[in-house]
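The values are calculated or read from the model by the stated rules, or taken from the named source; none is laboratory data. Here the structure is a predicted model, which means the values were calculated and not measured. Because the Cβ atoms are built from the backbone with ideal geometry, glycine has one as well, and the counts that use them run over all protein chains shown. Accessible surface areas use protein heavy atoms only, side chains included; no ligands, DNA or RNA. Shrake-Rupley method; radii C 1.70, N 1.55, O 1.52, S 1.80 Å.
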2 protein chains.
Amino acid sequence: MSETDPLVIFTPSGKRGRVPAGTPVLAAARSLGVDLDSVCGGRGICSRCQVSPGTGAFPRHGITVTQDALSPWNAVEERYREKRGLAAGRRLGCQARIEADVVIDVPPESQVHRQVVRKRAEARAITLDPATRLQLVEVAEPDMHEPSGDFERLAAALAAQWGVEGLVAGPAVLAALQGALRKGGWSVTCAVHSAGAAPELTAVWPGYFAGPVYGLAIDLGSTTIAAHLCDLHSGEVRASAGLMNPQIRFGEDLMSRVSYAMMNAGGAAEMTRAVRTALGTLTAEIAAEAEIDPALILEAVLVCNPVMHHLALGIDPAELGQAPFALAVSGALNLAASEIGLPLAPAAPLYVLPCIAGHVGADAAAVALSEAPDRSDELMLVVDVGTNAEILLGNRSRVLACSSPTGPAFEGAQISSGQRAAPGAIERVEIDPATKEPRFRVIGCDLWSDEPGFAEATAGTGITGICGSGIIEAIAEMRMAGLVDAGGLIGSAEQAGTARLLPEGRTHAYLLHDGSASGGPRITVTQSDVRAIQLAKSALYAGARLLMDQMGVERVERVVLAGAFGAHISPRHAMVLGMIPDCPLDKVTSAGNAAGTGARIALHNVAARREVEALVRRIVKVETAVEPRFQEHFVAANAIPHATDAFPSLAAAVTLPAPSFNAARGGAEGGRRRRRG
Amino acid sequence: MSETDPLVIFTPSGKRGRVPAGTPVLAAARSLGVDLDSVCGGRGICSRCQVSPGTGAFPRHGITVTQDALSPWNAVEERYREKRGLAAGRRLGCQARIEADVVIDVPPESQVHRQVVRKRAEARAITLDPATRLQLVEVAEPDMHEPSGDFERLAAALAAQWGVEGLVAGPAVLAALQGALRKGGWSVTCAVHSAGAAPELTAVWPGYFAGPVYGLAIDLGSTTIAAHLCDLHSGEVRASAGLMNPQIRFGEDLMSRVSYAMMNAGGAAEMTRAVRTALGTLTAEIAAEAEIDPALILEAVLVCNPVMHHLALGIDPAELGQAPFALAVSGALNLAASEIGLPLAPAAPLYVLPCIAGHVGADAAAVALSEAPDRSDELMLVVDVGTNAEILLGNRSRVLACSSPTGPAFEGAQISSGQRAAPGAIERVEIDPATKEPRFRVIGCDLWSDEPGFAEATAGTGITGICGSGIIEAIAEMRMAGLVDAGGLIGSAEQAGTARLLPEGRTHAYLLHDGSASGGPRITVTQSDVRAIQLAKSALYAGARLLMDQMGVERVERVVLAGAFGAHISPRHAMVLGMIPDCPLDKVTSAGNAAGTGARIALHNVAARREVEALVRRIVKVETAVEPRFQEHFVAANAIPHATDAFPSLAAAVTLPAPSFNAARGGAEGGRRRRRG
């Protein structure tokens, strides 16, 4: 390249260089390392390499771009524009040739490594860096005098035309190869997966195939199996689906499933079959919902807790039920999706994220990848609340992790009127501190129960029970309204001054809703409900506290509530209960299904897989089950909240009533009723 | 290491060096790169590292070895000798320490890379260089404060104790890992397979497991499926088994099976299922015969022709039925044995040898590996006779290959009294040139038919038909006895002077055996039998001749007959027929099942896999189906033998009778009757 060659400057990358006059823009981009997409390899078919050339003076770059800096439209480009359309100002990078100095903008949709913006403002964008790429190749026809396999000639073509070296393929895709090559007239589009030891051919189509092709990000939870069907090119979620984990019949929580495996010969294998069948059903459902052929799902990423991890892989989880909670395998796994029976494309690979520890699984690793405490300047507490709570604490310098056995109360189980979060379930509760009268909202209706039209709007579903976030709010509101004392004791009608407190044996219950007149249930919060939530929240708090001890801090700067439950929980109510350590309320945010998001990140970004593998090795694991301080924190965290001085941020926002109905047990807490803010 | 350190010299390798006094012999061997086996890694358990120290003066090495050159017997060694015995003069290399200058002999059974001597004198030995090694490791126990998977700690132990880096494992073996580790008290024997991209854990046993472990070498033929069960440590064949290929019901020969696949929807899949089921049956049978658990079969090697290759892999073979005979894949394949349904150890790998061309398969590659024409100074013709004949011609400088469509006549099919080689089949024939009376031998009996006791000895099986080698000998003998002329015409009783020539329509047949008196068959050689063999032998000869043309030679220096049929064929009779080109008769040898042997070599020697892959790329492929000269040679080779002057070696050994019953067609050949030599 001489100084008289045209200068080309690509934006937004700023990459620049001189190329011989007549060089196609796509070739120039490749030689300069500019991220410009292409599936057809420069044949003017796929239009993925669209660019926007600039004209006029570019003082910052020190050049002026003339109208003829790029070659005139050629026949291929004209035909493309006629048949498929091209936006004004756009050119096909593979057809337009550089004739003079030029500035060329690569729009986001023409970049392979573009970013997918997430809805939450504080979340980092997903940078696309796909393991699976579609590549059109022209394959040499067989020559019986120089015999070689069709696959070998395909591999040679991919090496020559795309720089893919050392391609491998399994029988499933080899079986489809010959038909595709002949149908496509020796031109095929290949799906090449480059995340393992060698690039692998995972699918092949005759001629040019534009996609879309898909990946499946699976979050296999103890209770729910959720999956996102994602477009591997755009990064968009095309469909999401969820299914109850059929293993629930073997035990509600993980440890009862481990017990089932230990107590029943073949029990683990039975649970493996159940979960694999469910994964197959879910795949079929999500493909049906998106109206796509499941054979277009070319890869999958799986995250799950350690017990589900082992069961999905066909490994007996017995060791996870007892100290030292040894995982059979902790590292990330690259498998064939068919090895766990996933009915995707026959040769689709499956990536399983690494586990952090025996109680802190690949789901927690996915949360760490999504919420990135290791990239945070603030000291960040990430809590993924489910039947087990996984807790991460850290910042750029250090990340700790533990798991805490909260039990299923937060999911509405073991609660007298509890139910899963579904239409008809009470999810929000307010209790007037003066009148002690409640109002509430149910899932599936935007009105509060005291607003006009509520009865009509909920007539369809009825009011069927109370879900996890509802019980949290109900008990926190009861505490704020003086119906429950700091010890968790529900007062009598006389003590608290409301007829909604009903005697129930030797304790009392608060009547939240009486639907009995119309044949519906009476929904109450009982003393044992409060006790169940106290146990759960104490476990959660104690886990967080243990990590804070380990980190040597008394406060955290940010709290992220992850998980479906975390998405619906009210930070203020959580803090009134003492579920989470004190933190400014505006620094408590919900991350939604962060484990699922982590799975999506790993699906779309192959570098993120290396990143999470390295992060998991760096995370310091803390085992709550054998840590005496965990027990101490757990016992000390029983009160609601357990100690006012531990919650300065909360104290600034909320004033709590007298700590005890029993004056002799009264503490230092003030007795003034707070007003709604 | 200083000049005062003891000098150790290992024989037979001659490797020598100084090691600090007190170094165990095994450690010294490892540091000097001496091939000394060990499974237990120096724990005095496996005794694989037995050595024989020398004493006295070794003038060639310039040292004198004293009685105390090695440390005295220690407790471990003593206990081993008491419990298991040690041959006189033997020490355990891991226990005996080098104290002074010493010469140490490593006996063959203590070498990993020792040679397995083959029965045939001219065959090269199989050098053991196994892909699968057993290695005992002590694994760190899990620590819940530093959690890591059992597999990760196992991998670390294998790296530290055996230098195995980057171990991988699939779900099947991971499922067995935790139980083995705990049962073995954190000591396990691992089977590590190192032939693919990364070393793979393929099996694990609690504590020390001495083996034996096995590999399966499979030769999947069109007609017969044969397998050898081999001890991976000793290289010995522990059992061999064969099974009819159940695909025969879809077509006797390969092309009729390809047609079946093309004409019937799902036909290819049906044949795939049939052959995979048969492979499973064969595996079960061979394991039962050897009285071993099939889960101890840790790897397999498969060789087969291209059509069987594709069908076994689940690839439609349609393209192999028409020019240009394109293979879907020609390179070697590293799969999981489970991918083609082989019921071995759950994680057992499968190596499939490369194919040479669309008609010259992995079986021919295996023959090339076994017979090694590429290492021969003589110009060597290797013929593997089956339904298709694969032909190799070459020497150190160049190897050519082709396939010739001989049809099934050589296997006894399409022959009037033909049958497969089984007890009761006539396999050897002699016809007295004076009396024209035959005598013969049948499979399962060592006597000739004119020897006393023959009738009694064959009473069990009867005399049921004539197999491939029998029909070759019969027709060659008929030619030599003047019963058939050079054109292949069977003479009349009058022409040839024997009542054994019976009219059959407008032609004649030779009565070889009449069992009708005792209810058995009449076994004749008919005119159409002669025509079938003429077609088959012409095809075979034409293929060989085509390669000779290509090589630019008129003669070959050595002929190797491979295959089960080749093992039984008489070189002299083959040459009388004109099946093979002229060659000194003592240079025509049988290699037995060379394809199976090639599979065994690849099974036992991982370097041989690279070797055959490289060889296959170098072999020059010649496609007979479209080569006009093949047709010319085929037509010209019809006579028996087709031209006397083409067989100078034969002419020196055999004198043939008049070429024609029709005097007008008489040629230059002499009329003198030869005498038996």
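List of remarks:
- Of all residues in chain B, the one whose Cβ lies closest to the rotation axis carrying B onto A, together with that distance in whole Å, is B:Ala197, 2.
- Where segment B:573-628 is the region considered: accessible area per residue in Å², 1.4 Å probe: 28
- Sequence-distant residues sharing a close amide H with A:Val204 (under 5 Å, placed H): A:Ala191
- Ranked from shortest, the separations from the 7 Å Cα-to-Cβ label point of A:Gly207 to its equivalents in the other copies are 6.7 nm.
- Simple spin-label estimate for A:Thr277 and B:Ala653 in nanometres, 7 Å along Cα-Cβ: 6.8
- For segment B:529-543, backbone nitrogen atoms closer than 13 Å to the point 7 Å from B:Ala493 Cα along Cα-to-C-beta are found at no residue.
- In order along segment B:48-53, the phi-based Karplus estimate (6.51 cos²θ - 1.76 cosθ + 1.60, θ = phi - 60°) of 3J(HN,Hα) comes to 5, 9, 4, 9, 10, x Hz; Gly and Pro are listed as x.
- Label geometry 7 Å along the beta-carbon vector: B:Pro107 inter-copy distances in nm: 8.0
- In segment A:41-149, the GluC sites (Glu not before Pro) that fall in loop regions by DSSP, at most 12 other Cβ within 10 Å: A:Glu122
- Per residue of A:614-627, other chain Cβ atoms within 10 Å of the residue Cβ number 2 on average.
- Column: log10 I(q)/I(0), Debye, Cα scatterers of chain A, q = 0.05, 0.09 Å⁻¹: -0.31, -0.85
- Counting, for every residue in B:166-174, the Cβ atoms of other protein chains within 10 Å of its Cβ and taking the mean gives 5.
- Estimated vicinal HN-Hα couplings, Hz - segment A:366-375 in sequence order (Karplus 6.51, -1.76, 1.60; Gly, Pro = x): 5, 4, 4, 5, 6, 8, 6, x, 6, 10
- FRET efficiency, B:Gln550 to B:Glu109 (Cβ-Cβ, R0 35 Å, nearest 0.05): 0.15
- Label-point separation in nm, A:Ala636 to A:Ala614, each point 7 Å along Cα→Cβ: 3.8
- Copy-to-copy label separations for A:Gly462, where each label sits 7 Å from Cα toward Cβ, in nm and ascending: 8.0
- Accessible area per residue for segment B:134-236 is 32 Å², calculated with a 1.4 Å probe on protein heavy atoms, without ligands, DNA or RNA.
- Remark: for residue pairs A:Lys537/A:Lys587; B:Lys436/B:Lys587; A:Lys537/A:Lys621, the C-alpha separation exceeds 24 Å in B:Lys436/B:Lys587.
- Residue-averaged [θ]222 nm for chain A, counting only DSSP H segments that reach four residues, each worth -39500 (n - 2.57): -8500 deg cm²/dmol
- Where both bridge residues fall in the protein assembly as shown, DSSP classifies roughly 70% of the beta bridges as antiparallel.
- Pairwise Cα inverse-distance average, inverted: Kirkwood Rh of the protein assembly as shown (Å): 37.2
- Mean Cβ count within 10 Å, highest first, over the residues of peptides A:9-20, B:356-367, A:37-48: B:356-367, A:37-48, A:9-20
- Distance from segment B:516-550 to segment A:204-276 (C-alpha centre basis), Å: 62
- Area buried, chain B against chain A - accessible surface, total, 1.4 angstrom probe, square angstrom: 3100
- Antiparallel DSSP beta bridges within chain A, percent to nearest 5: 70
- Per residue of peptide A:177-185, the mean number of Cβ atoms on other chains within 10 Å of the residue Cβ is 3.
- Solvent-accessible ranking of A:Glu146, B:Glu623, B:Glu291, A:Glu451, largest area first, probe 1.4 Å: B:Glu291, A:Glu146, A:Glu451, B:Glu623
- Proximal lysines to A:Lys83, defined as alpha-carbon separation beneath 30 angstrom and excluding residues fewer than eight positions away on the same chain: A:Lys183
- Under a 5 Å amide H cut-off, with hydrogens placed 1.01 Å from N, A:Ser240 pairs with A:Leu229 among residues at least 5 apart or on other chains.
- Alpha-carbon centroid distance for the pair segment B:389-452 / segment B:330-382, whole angstrom: 26
- Virtual spin-label span in nm between A:Glu138 and A:Thr461, 7 Å along Cα→Cβ: 6.0
- For segment A:394-399, 3J(HN,Hα) computed residue by residue from phi via the Karplus equation (6.51, -1.76, 1.60; θ = phi - 60°) reads x, 8, 3, 7, 6, 10 Hz, glycine and proline entered as x.
- Mean Cβ count within 10 Å, highest first, over the residues of peptides B:205-218, A:383-396, A:510-523: A:383-396, B:205-218, A:510-523
- Note that segment B:7-110 shows a convex hull volume over its alpha carbon atoms of 89 Å³ per residue.
- Fraction of accessible area attributable to carbon and sulfur, segment B:333-398 (%, probe 1.4 Å): 44
- With DNA, RNA and ligands ignored, accessible area of B:Phe454 (1.4 Å probe; Å², nearest 10): 10
- By average C-beta atoms within 10 angstrom, highest first, the peptides B:219-225, B:157-163: B:219-225, B:157-163
- Within segment A:7-110, percent of DSSP bridges classed antiparallel, to nearest 5: 75
- Residues whose placed amide H lies under 5 Å from that of B:Gly515, excluding near-sequence neighbours: B:Arg522, B:Ile523
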